[in-house]
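The values are calculated or read from the model by the stated rules, or taken from the named source; none is laboratory data. Note that this is a predicted model, so its numbers are computed, not measured. Here Cβ is always computed from backbone atoms with ideal geometry, including for glycine, and neighbour counts include all displayed protein chains. Protein only, heavy atoms only, side chains kept; ligands, DNA and RNA dropped before computing areas. Shrake-Rupley method; radii C 1.70, N 1.55, O 1.52, S 1.80 Å.
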Amino acid sequence: MAGRSRYNDNPFEEGGAEEVNPFADKATRGAPAVQSNYSGGSFYTTQSRPTPPSTRLSPLPPEPADFYNDFATPVDIPIDTNKTREKELLAKEAELSRREKEIKRREEAAARAGIVIEEKNWPPFFPIIHHDINNEIPVHLQRTQYVAFASLLGLILCLFWNIVCVTAAWIKGDGPKIWFLAVIYFILGCPGAYYLWYRPLYRAMRNDSALKFGWFFLFYLVHIAFCVYAAVSPSILFVGKSLTGIFPAISLIGKSAIVGVFYFLGFIMFCLESLLSMWVIQRVYHYFRGSGKEAQMKREAARSAARAAF
C-alpha cells in the first residue's frame, strides 16, 4: 500500500504538490505534509518530504515591439528653413556674379578708351601711390624711369635730413623759425615733386604722351633749380639756415662742430640730387627729341590753343 501510494502521487498534477506560502509561519512552513488516503475499505496515511522554502519573482511586463527601434516617433526637420537659406545663397551668388561681370565690362571699356586703372601698390607695407615700372613702362625706358624715381626718393631724403639738421641748429639757439620753414619744405616738396613732375613723366613713358613730357620738363627744371639753390643756400629769398647749404655750414662750423658737420652732409646730399636730376632730364630730352615727340607736342599745343580760342 505504501509503495502504491508513492507511485500514485504525481507532483505535476494540479493540486498534487503543496504550494509554499512565503508569508506562512516558519515552523509550519518547514514541517512535513501528512495526507490521509482510503483504499480497499481501510485508511492509510502518507507523509511527503518537506519542500525547501523558495520565492517566486513576478515576471517583467512584456516590452513593446518598437522599444529599441522607435521609428514611429516623428522628427521635426525644418525643410522650409533649409530651402529659404538655399534660395538666399543662390541669390547672393547670382548678385556677386553680376557684379563681377559689371566690373569686368567696365575694365574692358576703360581699356578700349585708353584709361588705365591705377591701383595703389607702393610702398608694399602702406600703399599710397601706383608704381609698376616692370609691367607698364617699355623696356628701353625702364632704366631712365628708375633713375627718375631714385631722384624723387633722393629729394625726400634730402628734405628729411634738412629737418634733422635744422632741429639741431634750433637746439643750439638759432630759433624755431628755421625749423618751421624746414617742415614746410618737406610737407610741400614731397607730394609736390610726385604730382608735378614724377607722375607726368611716368604717364608720358607709359602712354607716350607728348603733352605729359612738356609738363614734366617745365616742373623738373624748377626742381633742379631748387636743389642747386638748396646746395648753396644763400641768405636771399629763404632764411639761410633753414636749408643745409654750404654757406650755413661754414657759418655754423665755428659755433657747433656737430651741427656744422650735419649741414655739410646736407650740402653733399643736395649736390648729388642736383647731378642725378641733370642726368635724368638729359636722358628724357634725348628720347623726346629722337622719337619725334617734339613735333607732336607742338601740334598738340597748337590744337589746344585753337580749341581754347574758338
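Annotations for the structure displayed:
- Being within 19 Å of Phe219 (Cβ to Cβ), open to solvent by 30 Å² or more (accessible area, probe 1.4 Å), over 31 Å from the mean Cα position of the chain (by Cα) and in contact (Cβ under 8 Å) with a residue 24 or more places away in the chain is true of Phe186.
- Criterion violated by Ala168 - all others in (1) open to solvent by 30 Å² or more (accessible area, probe 1.4 Å); (2) aliphatic (A, V, I, L, M); (3) in a helix (DSSP H, G or I) satisfied: (1)
- Of all residues in segment 224-245, those satisfying the criterion of being under 21 Å from Trp170 (Cβ atoms) and open to solvent by 40 Å² or more (accessible area, probe 1.4 Å) are Ser235, Leu237, Phe238, Val239, Lys241.
- Test: Tyr220 is among the hydroxyl-bearing types (Ser, Thr, Tyr), touching a Phe, Trp or Tyr at 6+ places or on another chain (Cβ under 8 Å), within 28 Å of Glu118 (Cα to Cα) and open to solvent by 50 Å² or more (accessible area, probe 1.4 Å): no
- Taken over segment 128-156, the criterion of being part of a helix (DSSP H, G or I) and more than 31 Å from the chain's Cα centre (by Cα) is satisfied by Val139, His140, Leu141, Gln142, Arg143, Thr144, Gln145, Val147, Ala148, Ser151, Gly154, Leu155.
- When Ile129, Ile137 are checked against the criterion of being among the aliphatic types (A, V, I, L, M), open to solvent by less than 60 Å² (accessible area, probe 1.4 Å), more than 25 Å from Cys271 (Cβ to Cβ) and touching a Phe, Trp or Tyr at 6+ places or on another chain (Cβ under 6 Å), a single residue qualifies: Ile129.
- Only residues that are among the aromatic types (Phe, Trp, Tyr) and modelled with pLDDT under 90 were counted in segment 237-286, giving 1.
- Residue within segment 214-228 that is at pLDDT below 90, farther than 22 Å from Ala182 by Cβ and under 42 Å from the mean Cα position of the chain (by Cα) present: yes
- Meets criteria (under 22 Å from Tyr285 (Cβ atoms) and modelled with pLDDT under 95) for His140: yes
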